[in-house]
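Asks: Supplied in structure tokens, the structure appears directly below.
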Amino acid sequence: MKFENNWKDKSLESLEKETWPPLNRDEGSYLIQTCHNLRKKQVKDFEIEDLRILIGQKIGLDFLIPLAIDELKLNIMAEGDFYEGDLLKSVLTSNKEYWKKEKNDWAKVCELFNINKHKIQEFDTTLKLKEGWFASFKEFQKINE
């Protein structure tokens, strides 16, 4: 997908040309309120946790997956608020339809995982988390095979 040069200076609302109706102060869960607020934030100001949340909710993937890939290139174990590697898990388990249409991004994630496979395997964490990354990657690979 081709973006304008200044696209990171804009919010998802602006980029997608879609404004969600405002929530009442007491309306919606923490997650719903967070997603609404993040859609108004400039993309360049997104933190790992912001990416993890919205990607996990299938929001703004056209813009956020490329940012997440950039973060994973810097650190495959990039961490939001849950655990090291939670961004990777969010990307691997995100919307399959996105990956079917964005095969270049899919290939980049496959390559990143394979390049970092040893680092992921040797990472000091629980066996359950490691198994989760590898199982998620196995399913992720199947999307465009």
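The values are calculated or read from the model by the stated rules, or taken from the named source; none is laboratory data. From a predicted model like this one, the values you see are computed outputs, not experimental measurements. Methodologically, a virtual Cβ is constructed for each residue, glycine included, from the backbone with ideal geometry; neighbour enumeration extends over all protein chains shown. Just so you know, the surface numbers come from the protein's heavy atoms only, side chains and all, with ligands and any DNA or RNA stripped out. Shrake-Rupley method; radii C 1.70, N 1.55, O 1.52, S 1.80 Å.
Asks: Report every pair of residues separated by at least 6 positions or lying on different chains whose Cβ atoms are under 6 Å apart, first residue within region 60-76 and over 24 Å from residue 19 (Cβ atoms), second small (Gly, Ala, Ser) and part of a helix (DSSP H, G or I).
Replies: Filtered contacts from region 60-76: no entries.
Asks: Any idea how many residues of region 1-31 are over 17 Å from the mean Cα position of the chain (by Cα), at pLDDT below 90 and open to solvent by 80 Å² or more (accessible area, probe 1.4 Å)?
Replies: Residues flagged as over 17 Å from the mean Cα position of the chain (by Cα), at pLDDT below 90 and open to solvent by 80 Å² or more (accessible area, probe 1.4 Å) within region 1-31 amount to 9.
Results for (1) in contact with a helix residue (DSSP H, G or I) (Cβ under 8 Å, 6 or more places away or on another chain); (2) under 22 Å from residue 60 (Cα atoms); (3) of a type in the set (Asp, Glu), shown as yes or no for each residue.
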position	(1), (2), (3)
92	yes, yes, no
103	no, yes, no
110	yes, yes, no
114	no, no, no
118	no, no, no
122	no, no, yes
125	no, no, no
128	no, no, no
134	yes, no, no
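Asks: Looking at residue 74 and the list (1) open to solvent by 40 Å² or more (accessible area, probe 1.4 Å); (2) closer than 18 Å to residue 31 by Cα, which single condition is not satisfied?
Replies: Every condition holds for residue 74 apart from (2).
Asks: Okay, next question. Test each condition in (1) touching a Leu at 6+ places or on another chain (Cβ under 9 Å); (2) over 15 Å from residue 140 (Cβ atoms) for residue 118 and report the one that comes out false.
Replies: Against the list (1) touching a Leu at 6+ places or on another chain (Cβ under 9 Å); (2) over 15 Å from residue 140 (Cβ atoms), residue 118 comes up short only on (1).
Asks: Condition check: within 12 Å of residue 61 (Cα to Cα), open to solvent by less than 90 Å² (accessible area, probe 1.4 Å) and not aliphatic (A, V, I, L, M). Does residue 99 satisfy that?
Replies: So residue 99 passes the test.
Asks: Turning to a different aspect of this structure: Identify, please: which residue in region 109-132 is open to solvent by 50 Å² or more (accessible area, probe 1.4 Å) and either touching a Pro at 6+ places or on another chain (Cβ under 9 Å) or among the hydrophobic types (A, V, I, L, M, F, W, C) (or both) and is, among those, farthest from residue 70 (Cα to Cα)?
Replies: Initially, region 109-132 is screened for residues open to solvent by 50 Å² or more (accessible area, probe 1.4 Å), giving 111, 114-115, 117-119, 121-122, 124, 126-128, 131.
Those left that are additionally either touching a Pro at 6+ places or on another chain (Cβ under 9 Å) or among the hydrophobic types (A, V, I, L, M, F, W, C) (or both): 115, 127.
Details: 115: 15, 127: 26 Å.
So the residue we want is 127.
Asks: Let me ask you something else. Among the residues of region 59-86, write down those that are out of contact with any Asp or Glu (no Cβ under 6 Å at 6 or more places or on another chain) and assigned to a loop (DSSP other than H, G, I, E, B).
Replies: Of everything in region 59-86, those that are out of contact with any Asp or Glu (no Cβ under 6 Å at 6 or more places or on another chain) and assigned to a loop (DSSP other than H, G, I, E, B) turn out to be 59, 60, 75, 76, 82, 83, 85.
Asks: Within region 101-134, work out how many residues are over 17 Å from residue 74 (Cα atoms) and in contact with a strand residue (DSSP E or B) (Cβ under 8 Å, 6 or more places away or on another chain).
Replies: 1
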